[in-house]
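Everything on this sheet refers to the single structure shown next.
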Amino acid sequence: MKNILTIVLILLFAGCADNSENDKKPLPENAKWWKEAIIYQIYPRSFKDTNGDGVGDLKGIIEKLDYIQSLGVTAVWLNPIYTSPNDDNGYDVSDYKGIMSDFGTMEDFDIMLVGMHERGIKLIMDVVVNHSSDEHEWFKQSRSSRDNPYRNYYHWWPAEKGKPNYRYSLFDEKGEAWKYDSLTNSYYLHYFSQKQPDLNWENPKLRQEVYDIMKFWAEKGVDGFRLDAFQFAAKDTTFPAFPEGFEKNFIDYYAMQGNLHDYLKEMHEEVFSKYDVMSVAEGAGRNFEDAHMLVDEDRKELNMAYAFEGVDIARPDGYELRHFKEVFSRWDSAFAKKGWLSIFLSNHDQARLVSRFGNDEPQFREASSKMLNTFILSMRGTPYCYYGDELGMTNIGFETIEEYQDIAAINGYKKVQNQGGDIEEYMRNLRVSSRDNGRTPMQWDDSKNAGFTTGTPWLPVHENYKKINVKLQEVDESSVLNYFRKLTALRKANPVMTYGDYSMIQPDHPTIYAFTRILGEEKMLVVLNFGEKQSSMGLPESIEIDKLLTNNLNSMHRDGNLINLQPYQALIFSIN
Ligand code: GLC
Ligand code: CA
C-alpha cells in the first residue's frame, strides 16, 4: 500500500513539476505553496525612491523586480502601503482601499502586482485591523457623537461611569491606552499610539467591513495576508480590572481573548476559503496551545503565525546560543506533526540581523551574515528574509533621540522622562535594539545616498554603504548576496529543507548549532558556528557524511566525524 502511494505521489509530482529534480523527490501529501515559499519582506519606505522625495515608492519596487527575482525568493511581504498619516509609518491606516500618496497610485500597484506574478513571485499584504488611524472616516464619524452609526466601530467608555480600568499602551508616552476625548466626554481605547484607536471586533458590521476590504485585495489578485497585531483584536468589552503590574506580561491579558477564534473562523469562511491566499498572524498567543488553535488545519483559521520568543532572546547585551537552540527546537517539536512555523530573526520591528544575532565587526560581518542566512533558510518552516539582510546591512545606532523617527522610540523616551527613569540606559538600548536600525534605506550602490534617492532620505543611509551595497556584491562571487542566492536555490531544489524532520545534535554545545533534516532518503546536516572563535564538534557515528553542499568560507577542516569550524562558519552536507 505504502509503495503504491509513493508511486502515485511520484507520478503526481512528475506530472505537474516544472523541475525534473522533483522526479526523485516526492513532496509530502500536505504540501502547500506557502510552506515552500521563501518570503522577502520589503519596507517600502526604505527600498527605492524614484521621484527624489526621499521616500521609497511602488515605482521603486517595480524598478527592482528583476533584482527581487534574482534573489530566488518566491513571495514578497509588503509592509502597509495604504493611505495613512504615518504616525506609525503606515500601521495607522486612514483608507484601506487607497494607496498612500507617498508610495504612488493604484495604477502603480496594479503594475507592480502583474510584474511580480510574471516573475513567479507572490504578494502578501499587511492587514492592519486591530486598529485604524484616528484619521480614518470611521473614527471621525465614531468620535463625532455618541449616537453616530459608527460609534461602535471603536471602544468608547463614557466618562460619567468614572475612569475606565487601566489598560497599558505600547506606544503611548504615558503608557495609557485610554484617551479622554472631550467632544463626547468619553475615553477611547488605543493599545498602540493615540492615533491608532482599536477597532471593535465585537461589532459584526465592523467585521464585515474588514472582510470586504480583504476581498477587494484578493480580487485584485494578491496572494496572502499578514494580520498585524491580530492576537489583540478581541476584547472583553466590560473592561474588567487587571491585577497590578499586569503590563509586564500584557500578552497574557491582551492576546487571544474573547471570541477571537470565532472571528478567525468567520474570516476564513468569508475570505480565505474563497481565494487561494495564505494567511499569517503576527503573534502566536500565550503558549503552544494558543498557537495550535490559530494554525491547525482542521480548525480552518490561519495557515501560520509567528511568535517572538526566538527574537526576544537577543537582549541588548547579547544572548546565549544554548538558549537560542532550545527555543527553536522546542517550537519545531511543537509543530512537528501539526501546524506550520514561520522562521525569522529580523523584520521592521527589530534591529538588523547581523548586528543583533551575529557580529558586524569588519572581519566577521560577511561570514556571520551568511551563517545566519543559512540558519533561516535551512530550518523547517517558512523563512521570512528581511530586505538588506541579503547584503549583511548593519545597525545604524543613532546617538541622539532627535535622529530617531520611530514613534516607539520617541514616545518611549518621553515615557522614561515622565517616569524619571534612566535615560542613558534607554539610549544605550535604543542604539542596539531600536526599530529604526532595521529601517535605514536599502544600499544599492556607492553613489550618493547609496542609490536609494536623489533627494534627502527620510531616514539617513548607513555610512558604510560604500562597502556594503548591491552593486559591489553583484560582481563578487563570494559576496553575502551571491551566497544568499545559492542558498535559496539549494532550498528550492531540495524539499528536505522545507519538509524534512528536524533533529538537533548536541544541544549543549555552547557555540555550534548543528541539526539534521530528513525526508525519506533525502538527508542533510547543517553545522553552524555562532561564535567568533574556532570551534569543533564530533558527530555521532550514526551520521555518515556524503558530500559538502555549501560552505560560507573557502576551506573546511574535517577529520572523519570531527568537524573543525572557523568563526561563523556554516556548512551543509548531504548525509547517508
Ligand atoms: C505590529 C507592526 C508594528 C506596528 C504595530 C502597530 O507590531 O509590526 O510595526 O507598529 O503592529 O500596528
Ligand atoms: Ca518617492
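In the stretch 90-118, what count of residues is obtained for those that are in a helix (DSSP H, G or I), open to solvent by 50 Å² or more (accessible area, probe 1.4 Å), of a type in the set (Asp, Glu) and over 19 Å from MET214 (Cβ atoms)? Within the stretch 90-118, residues that are in a helix (DSSP H, G or I), open to solvent by 50 Å² or more (accessible area, probe 1.4 Å), of a type in the set (Asp, Glu) and over 19 Å from MET214 (Cβ atoms) number 2. You will find that of SER346, SER369, the residue that is open to solvent by less than 20 Å² (accessible area, probe 1.4 Å), part of a helix (DSSP H, G or I), in the same structural domain as TRP77 (by TED's automatic domain parsing) and of a type in the set (S, T, N, Q) is SER369 and no other. The set of residues in the stretch 32-66 being open to solvent by 20 Å² or more (accessible area, probe 1.4 Å) and either more than 19 Å from the chain's Cα centre (by Cα) or not assigned by TED's automatic domain parsing to the domain that holds GLU297 (or both) consists of LYS32, LYS48, THR50, ASN51, GLY52, ASP53, LYS59, ILE62, GLU63, LYS64, ASP66. Filtering the stretch 439-454 to residues that are open to solvent by less than 20 Å² (accessible area, probe 1.4 Å) and in a loop (DSSP other than H, G, I, E, B) leaves ARG439, THR440, PRO441, MET442, GLN443, TRP444, PHE452, THR453.
Scanning the stretch 75-87 for residues that are open to solvent by 10 Å² or more (accessible area, probe 1.4 Å) and not in a strand (DSSP E or B) turns up SER84, PRO85, ASN86, ASP87. At least 2 residues being open to solvent by 10 Å² or more (accessible area, probe 1.4 Å) and touching a residue at least 40 places away in the same chain (Cβ under 8 Å) is the threshold, and among the helices (runs of 4 or more DSSP H) wholly inside the stretch 226-309 those reaching it are 260-270, 288-295. Does SER479 satisfy the criteria of being surrounded by 15 or more Cβ atoms within 10 Å (Cβ to Cβ) and out of contact with any Asp or Glu (no Cβ under 7 Å at 6 or more places or on another chain)? Yes; evaluated as a whole, the condition is true for this residue.
The listed residues are ASP95, ASP110, and the only one of them that is under 23 Å from ASP276 (Cβ atoms) and of a type outside the set (A, V, I, L, M, F, W, C) turns out to be ASP110. Within the stretch 413-435, residues that are of a type in the set (Ser, Thr, Tyr) reach partners that are modelled with pLDDT under 95 and open to solvent by 50 Å² or more (accessible area, probe 1.4 Å) with beta carbons closer than 7 Å, at six or more positions or on different chains, in the pairs SER433/PRO316.
Out of everything in the stretch 119-129 that is away from ligand 1 (no atom under 14 Å from the Cβ) and in contact with a Leu (Cβ under 7 Å, 6 or more places away or on another chain), what residue ends up being least open to solvent (accessible area, probe 1.4 Å)?
First, pick out the residues of the stretch 119-129 that are away from ligand 1 (no atom under 14 Å from the Cβ): 119-123.
Filter once more, so that each one left must be in contact with a Leu (Cβ under 7 Å, 6 or more places away or on another chain): 119, 123.
Working: ARG119: 63, LEU123: 0 Å².
So, considering only residues that are away from ligand 1 (no atom under 14 Å from the Cβ) and in contact with a Leu (Cβ under 7 Å, 6 or more places away or on another chain), the one least open to solvent (accessible area, probe 1.4 Å) is LEU123.
Table: residues versus (1) under 19 Å from ARG226 (Cβ atoms); (2) not hydroxyl-bearing (Ser, Thr, Tyr).
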residue: GLU309; (1), (2): yes, yes
residue: HIS323; (1), (2): no, yes
residue: ARG330; (1), (2): no, yes
residue: PHE335; (1), (2): yes, yes
residue: SER342; (1), (2): yes, no
residue: SER346; (1), (2): yes, no
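If only residues of the stretch 75-102 that are in contact with a Lys or Arg (Cβ under 6 Å, 6 or more places away or on another chain) and closer than 22 Å to GLN141 by Cα are counted, the one that is farthest from ligand 1 (Cβ to nearest atom) is ASP87.
Scanning the stretch 163-214 for residues that are hydrophobic (A, V, I, L, M, F, W, C) and either at pLDDT below 95 or farther than 28 Å from LEU264 by Cβ (or both) gives a single hit, LEU183. If we scan the stretch 375-384, do we find a residue that is touching a strand residue (DSSP E or B) at 6+ places or on another chain (Cβ under 6 Å), in a loop (DSSP other than H, G, I, E, B) and open to solvent by 10 Å² or more (accessible area, probe 1.4 Å)? Yes, because at least one residue in the stretch 375-384 is touching a strand residue (DSSP E or B) at 6+ places or on another chain (Cβ under 6 Å), in a loop (DSSP other than H, G, I, E, B) and open to solvent by 10 Å² or more (accessible area, probe 1.4 Å).
Restricting the stretch 103-156 to residues that are β-branched (Val, Ile, Thr) and away from ligand 2 (no atom under 16 Å from the Cβ), the residue that is nearest to GLY224 (Cα to Cα) is ILE124.
Among the conditions (1) in a helix (DSSP H, G or I); (2) within 29 Å of VAL127 (Cα to Cα), the only one that PHE324 does not satisfy is (2).
Test ASN418 against the stated conditions and say whether it is more than 16 Å from ligand 1 (Cβ to nearest atom), outside the structural domain of GLY60 (by TED's automatic domain parsing), modelled with pLDDT under 95 and at negative phi. Against the criterion (more than 16 Å from ligand 1 (Cβ to nearest atom), outside the structural domain of GLY60 (by TED's automatic domain parsing), modelled with pLDDT under 95 and at negative phi), ASN418 qualifies. Can you spot a residue in the stretch 429-436 that is at pLDDT 95 or above and more than 22 Å from the chain's Cα centre (by Cα)? Looking for residues that are at pLDDT 95 or above and more than 22 Å from the chain's Cα centre (by Cα), one finds none in the stretch 429-436, hence no.
Here GLU544 meets each of (1) closer than 25 Å to LYS467 by Cβ; (2) open to solvent by 50 Å² or more (accessible area, probe 1.4 Å) with one exception, condition (1).
Those strands (runs of 3 or more DSSP E) of the stretch 468-576 in which at least 3 residues are of a type outside the set (A, V, I, L, M), closer than 24 Å to ILE39 by Cβ and not assigned by TED's automatic domain parsing to the domain that holds PHE452, considering only elements entirely within it, cover 512-519.
The values are calculated or read from the model by the stated rules, or taken from the named source; none is laboratory data. Just so it is clear, the structure is predicted and the values come from calculations on it, not from any experiment. We place every Cβ from the backbone using ideal geometry, glycine too, and count neighbours over all the protein chains shown. Quick note on the areas: whole protein, heavy atoms, side chains included, nothing else; ligands and nucleic acids left out. Shrake-Rupley method; radii C 1.70, N 1.55, O 1.52, S 1.80 Å.
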